[in-house]
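The values are calculated or read from the model by the stated rules, or taken from the named source; none is laboratory data. These numbers were taken from a predicted model, which means no experiment stands behind them. Here Cβ is always computed from backbone atoms with ideal geometry, including for glycine, and neighbour counts include all displayed protein chains.
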Amino acid sequence: MKTAGAASTTPSLAAEMTGPIPGTKMTEEYVRLVGRDAYFWGWPMVNVYNRRLMYEKVPEIILAGPVPAAPLNRLGMLTDYVVPEERIVACPNQDVVYGAGALALDKSPVVIQVPDFGDRFWVYQVVDLRTDSFASLGKMYGTTPGFYLLVGPGWNGEVPKGITKVFRASTSTGYVIPRVFQEDAAADKQAVQNALTGIMMYPLAEYDGKIKAKDWSALPKLPSKSDSEQEVSWVVPEKFFDVLPLVLADAAPLPGEEARYAQLNAVMAAATQDPGIRQVLTQAAIDADRELVKPLFEFRNWGLQLAHNWSTQTNGAAFGTDYFTRTAVAKSNIFVNKPGETKYFYQDLDANGQRLHGGSRYTITFSKGQTPPVHGFWSLTLYNEHHFFIPNEINRYSLGTKNSALKYNKNGSLTIYVQADAPADAQRDNWLPAPKGAAFTLYIRSYWPEVAITDGSWTPPALVKVQ
């Protein structure tokens, strides 16, 4: 018979055991199971952390090929649309002027400077290691010009005078991406420059309460190191479990994740002692990359399915424990905005379910008054099979609010022509060039969407194959 004392201690002991006891012998099958799950779950976080590791090596703000690169806790800005050669982030757009910077809030809190954008649409995306947003800065929030502070989970310092608001992250690592709307017109490209100079990010120690400015057109320029057609490989399966311990140390478990962390730490500890276990883990990552993560690059393989083969998601940058959607988004188009900032619609197929291909011609017609209902702007963008722009004869990669020359039909509807060859002159302003003889993807962005989009009552019309 158990004593009263023994009976009373058993439940608490069991509750403390969140993973295998150190030293437990593990089967290869179990290690493989944990490894595959860890790779799928941790892929977005390792992606972001590897970006931090890269920017840690950048000595000053530069233009690296077609994109800005900055030391940790600083950002760099473009001064015009991103160009087709960009390969840092898949699915870029040519509706906004971008900026980017990696956060290391364990090193220092960071000051974000917001200039006066006037009536121009803008939003700063600020995400943590999990690609979840932890700050609301943008026109849709009524954000006023001034200084804002980003702090890490353990910071308890004094907030300086003049800081409008403090945003606290649950992780030390993160990413900041300003987006500033720009019309596709020479006059507006000039007009936006003054606001761009006031977009700044820097460590708290440099804060003096004075507005800082920078001429982003004068950045030192270095050639790009990538000539690939695909996005930079931010996650390398063979090195995944070298970086994952850093990720686990940075991102504390969400409620309910304690056992997951304990299992991972136990298996990785065993792998440091047993080369055989390490080999099984590495192979599990390689297999999971091919079998689980790679298929999520294709939009048609995931998401909420809508009419006419469009798809979407409703929890971008607010994934929580929706591990599937977080990884799917990170693989196909990482760094999406929160739903109230931007709603995305994805399309790989025509109305008949056939893969979009440059060998065919297509039209998409928005009925009168039925272009995407937004407070900000909308666009339809075309990407190649790698989710990047394909250079074309008219340097056009999207159509939408930014294009004042769009021509509406007599009945008030709007037809966009998606094809490789130029259409008739009367349709040329509404032409979105497709790649010749290759598959492609379409992508609708609706910035600051109206209720009709956020409640699902508006969805995109069919993409019709006409030849």
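Remarks
- Residue in the stretch 84-98 that is surrounded by fewer than 19 Cβ atoms within 10 Å (Cβ to Cβ) and more than 23 Å from residue 198 (Cβ to Cβ) present: yes
- Where strands (runs of 3 or more DSSP E) sit wholly within the stretch 107-213, those with at least 1 residues that are acidic (Asp, Glu), assigned by TED's automatic domain parsing to the domain that holds residue 96 and surrounded by 16 or more Cβ atoms within 10 Å (Cβ to Cβ) occupy 122-128.
- Test for residue 396: is it surrounded by 15 or more Cβ atoms within 10 Å (Cβ to Cβ) and touching a residue at least 60 places away in the same chain (Cβ under 8 Å): no
- Positions within the stretch 429-467 being touching a Lys or Arg at 6+ places or on another chain (Cβ under 9 Å) and either at pLDDT below 95 or of a type in the set (D, E, K, R) (or both), in sequence order: 429, 445, 465, 467
- When the test is whether a residue is part of a loop (DSSP other than H, G, I, E, B) and crowded, with 20+ Cβ neighbours inside 10 Å, residue 103 does not pass it.
- Check on residue 237, closer than 27 Å to residue 383 by Cβ and either in contact with a Ser or Thr (Cβ under 9 Å, 6 or more places away or on another chain) or at pLDDT below 95 (or both): yes
- Selected residue (criterion: modelled with the highest pLDDT) from residues of the stretch 214-228 that are among the basic types (Lys, Arg) and exposed (fewer than 13 other Cβ atoms within 10 Å of the Cβ): 221
- Options 32, 36, 52: the member that is outside any strand (DSSP E or B), surrounded by fewer than 23 Cβ atoms within 10 Å (Cβ to Cβ), of a type in the set (Lys, Arg) and in contact with a strand residue (DSSP E or B) (Cβ under 7 Å, 6 or more places away or on another chain): 52
- Among (1) more than 20 Å from residue 231 (Cβ to Cβ); (2) surrounded by 17 or more Cβ atoms within 10 Å (Cβ to Cβ), the one test that residue 326 misses: (1)
- Filtering the stretch 247-269 to residues that are assigned to a helix (DSSP H, G or I) and closer than 17 Å to residue 51 by Cα leaves 247, 248, 249, 250.
- Of all the residues in the stretch 214-246, those that are more than 24 Å from residue 285 (Cα to Cα) and not in a loop (DSSP other than H, G, I, E, B) number 5.
- Tallying residues that are crowded, with 18+ Cβ neighbours inside 10 Å and either closer than 12 Å to residue 358 by Cα or touching a helix residue (DSSP H, G or I) at 6+ places or on another chain (Cβ under 9 Å) (or both) within the stretch 417-441 yields 10.
- Output for the stretch 337-359, where each listed residue is touching a Pro at 6+ places or on another chain (Cβ under 7 Å) and either within 16 Å of residue 380 (Cα to Cα) or in the same structural domain as residue 121 (by TED's automatic domain parsing) (or both): 343, 345
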